[in-house]
1. Limited to the stretch 18-40, what total is found for residues that are surrounded by 14 or more Cβ atoms within 10 Å (Cβ to Cβ) and not in a helix (DSSP H, G or I)?
2. Select, from Asn83, Asn94, the only residue that is at positive phi and either at pLDDT below 95 or among the aromatic types (Phe, Trp, Tyr) (or both).
3. Quick one: which of Lys100, Lys38, Lys72, Lys111 is basic (Lys, Arg), farther than 30 Å from Gly13 by Cα and modelled with pLDDT of 90 or more?
4. Given the options Val59, Val45, Val54, name the one that is at pLDDT below 95 and not in a helix (DSSP H, G or I).
5. Being surrounded by 13 or more Cβ atoms within 10 Å (Cβ to Cβ), of a type in the set (Gly, Ala, Ser) and either at pLDDT 95 or above or on the phi > 0 side of the Ramachandran plot (or both) is the requirement here; does Ala15 meet it?
6. Six or more apart or on different chains, Cβ under 7 Å: which pairs go from a residue in the stretch 87-99 that's closer than 14 Å to Phe77 by Cβ to one that's surrounded by 10 or more Cβ atoms within 10 Å (Cβ to Cβ) and not β-branched (Val, Ile, Thr)? Could you list them?
7. In the list Val45, Val59, Val76, which residue meets the criterion of being out of contact with any helix residue (DSSP H, G or I) (no Cβ under 6 Å at 6 or more places or on another chain) and surrounded by 11 or more Cβ atoms within 10 Å (Cβ to Cβ)?
Amino acid sequence: MAFIDTFIEMRNGAAAIEMQTQLEKLIGAVRATRKAGKLTLTLAVKPATKGDDVDMVFVQDTIKADCPQPNKKETVFFVNPENQLSRQDQRQMNMLDGMKEIDFSPKGTPKEVR
């Protein structure tokens with residue numbers, strides 16, 4: 001029996017369906033990230049009996065899609081003397097310290113200008 005025929009018979013066709021599904025998932029991830037990925041089929045074969053004559057085997061498939069992941073953005077932190085992270089640089093003055101809010105709302109009732 002040719003390999004493709006054997007593969008189609010594995011798990012009554014479920015292995016071929018899983019392979020197709022994983023391939024489509026991989027292709028979608030490659031298109032979305034513009035990075036390479038990999039689809040791996042591993043076949044484990046072992047004898048079905050412990051006797052001297054091996055005339056029957058068990059074949060188990062493992063199908064794995066190694067899909068590329070999108071790049072994640074980095075976050076900038078400052079480190080204080082205690083080795084803790086902070087979003088603000090402790091060495092710089094806070095720009096909001098000492099500032100006060102100015103009220104720009106109109107006072108009184110508006111008058112029509114002619």
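The values are calculated or read from the model by the stated rules, or taken from the named source; none is laboratory data. The structure presented is a predicted model; accordingly, all values stated were derived computationally and were not measured. With ideal geometry, Cβ positions are generated from the backbone for all residues, glycine too; neighbour counts draw on all protein chains shown.
1. Number satisfying all stated conditions: 2.
2. Details: Asn94 fails: at positive phi.
On inspection, the qualifying residue turns out to be Asn83.
3. Numbers: Lys100 fails: modelled with pLDDT of 90 or more; Lys38 fails: farther than 30 Å from Gly13 by Cα; Lys111 fails: modelled with pLDDT of 90 or more.
Matching residue, one of Lys100, Lys38, Lys72, Lys111: Lys72.
4. Unique residue meeting the criteria: Val54.
5. Yes, satisfied.
6. Once the first residue is closer than 14 Å to Phe77 by Cβ and sits in the stretch 87-99, its partners that are surrounded by 10 or more Cβ atoms within 10 Å (Cβ to Cβ) and not β-branched (Val, Ile, Thr) give Arg87/Phe77; Gln88/Phe78; Asp89/Phe78; Gln90/Phe78; Gln90/Asn80.
7. Working: Val45 fails: surrounded by 11 or more Cβ atoms within 10 Å (Cβ to Cβ); Val76 fails: surrounded by 11 or more Cβ atoms within 10 Å (Cβ to Cβ).
Of the residues listed, the single one that is out of contact with any helix residue (DSSP H, G or I) (no Cβ under 6 Å at 6 or more places or on another chain) and surrounded by 11 or more Cβ atoms within 10 Å (Cβ to Cβ) is Val59.
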